1. Run the simple label-point estimate for residue B:73 and residue A:62 please: 7 Å along Cα→C-beta, distance reported in nm.
2. Under 19 Å from a point 7 Å along the Cα-to-Cβ line of residue A:81: which residues of the stretch A:1-31 have their amide N that close?
3. For chain A, set up a Gaussian network in which alpha carbons nearer than 10 Å are linked by springs, and say which option among A:38, A:98, A:20 fluctuates the most.
4. Considering chain A as a Gaussian network with a 10 Å cut-off on Cα pairs, which listed residue, A:80, A:111, A:11, attains the greatest mean-square fluctuation?
5. For B:69-79, what's the mean count of beta carbons from other chains sitting within 10 Å of each residue's beta carbon?
6. If you average 1/r over every pair of different alpha-carbon atoms in the stretch A:3-80 and take one over that average, what Kirkwood value in Å do you get?
7. Across peptide A:148-156, what mean number of C-beta atoms from other chains lies inside 10 Å of a residue's C-beta?
8. Any idea what angle helix B:34-46 forms with the longest principal axis of chain B, computed on alpha-carbon atoms, 0 to 90 degrees, nearest 10?
DNA sequence: TGGAGCATGTAAGAGGTTACATGATTTG
DNA sequence: CAAATCATGTAACCTCTTACATGCTCCA
C-alpha cells in the first residue's frame, strides 16, 4: 500500500469513479499518469479494497466504474490516523533560481515574468473552481462532515500558495529592478565568501 | 542529464563541494539521498562536467571535493535558458485532508495542530538561516550577480510558503471550531452531490 | 556507551515517466 | 481535417528510496 493507493481510496470513498476520472480529480493533490493508476486499481480490486462494474457506452469506449469496499474503507480509516510522511517537492525552476547569478538581469526578469504569468493563470482557474464548489454546495463546503469539505480546503490551500508564488515573483522582480544598472561589472562577485 | 544533475552543477558553480556537503545544501530545493548523489557525481566527472580532488583528513574519512569544469559551466548555462518542467509536489498530508470528512472534528483539529507546529518550527529555522546570510553577505544577498543571491531568494520563498501553510492551518482550525458542535449527525452528508 | 556527524559507496526494489497500442466522437 | 476528449491497458526505462557496508571522532 503506497501513498497513491490511499489517494485512490480517498477519492473513491466520496463516490465511485473510473480510472480516467480519478486521474483528473487526483491532480490537485497527487499527480499520476494513467499508466500508474490503471494497474494499481486492478491490484486494489484483487486485494478486495475495491470492486468495479463494467459500463458499456455507445459512442464512447466501455468504462470500469470502481467503488470502495467495506475493507477498503477500514484500511483507509486506519491510515488516516497514522502520521503523514513529509512532503516531496521538486521544482526545476528553483534550480534555475539558484544559479540565477549566472544570467544577465534582463533574462532573469523574463524568467520571473513567465513564471508569474503561469501562476496567475493557475489562480484564475483555481478561483473558478472554488466558485463552482461554493455555488453547488453552499455552506456544505465549510461542513467538516461533507464529502466536498476536504476538496474545498485543498483548493483554498492551492490558491493561497499560488498567490504567494506571484507575490514572491513580484518581490524578486523588484529587487532586479532596484539593482544599480550602471554597476554591471560588480564588486561583490569578487569575494569568495560562500555558504 | 536529469534535473538532479543540473542541481549539482548549480551548486558546484558557486564553490567546490563534497558529495556530503551537496546533499545538505541541496535540501532547500531538491531533496536527494546520498545513494543517488554519489554515483551521479562519478558519472558527471566521467562525462567531463566535473573534476575532483581527493583530500586526506586525519580524524575524519577522506573526501572528494568536486569542482565544475568549463564544459560543465557551458552545459549549465545553456540549460538555464530552456523552459523549466512543471513542479512535482507530493504531500501525503493532503491525501488525508481530502478524506478529512471521515474523521471526527477533534481528530481533525489534532492533525492540523501538529501540522501547524511542524511548519512553525520550519519557519524558525528558516528565519535563522536568512539572518545568517544577511549578516555574512550584507547587501550581497540582494545583488543579482552575487553567488548567494539565488540561495537567498529560495530561502525567502520557502519562508513565505511555510508562513502561508501556518495561516492555512489556522483558517482550517477556525472552520472546525465554528461548526455547530451539537450538529454531530449532520444533514449535508445525506446529499449525494459530489464533484 | 550510544548516538550524531563526517564521509563514501553498492544493490535491490519501489515508484514514476515515456512510449506503444487502439479507436470512436466531438469541436474548432 | 486536425486536435481534444473519453477510455483502458502494457512494456521499457528512468528516478528515487531503503537497506547493506564501513569506520573514526566527539559529545552527553
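Each reported figure results from applying straightforward, stated rules to the coordinates on display, with no laboratory input. Given the structure is predicted, the values throughout are model-derived calculations rather than measurements. No Cβ is skipped: glycine too gets one built from the backbone with ideal geometry, and neighbour counts run over all protein chains shown.
1. 6.3
2. A:6, A:10
3. Among A:38, A:98, A:20, the largest GNM mean-square fluctuation belongs to A:98.
4. Greatest mean-square fluctuation among the candidates belongs to A:80.
5. 1
6. 12.6
7. Taking the mean over all residues of the peptide, I get 6.
8. 30
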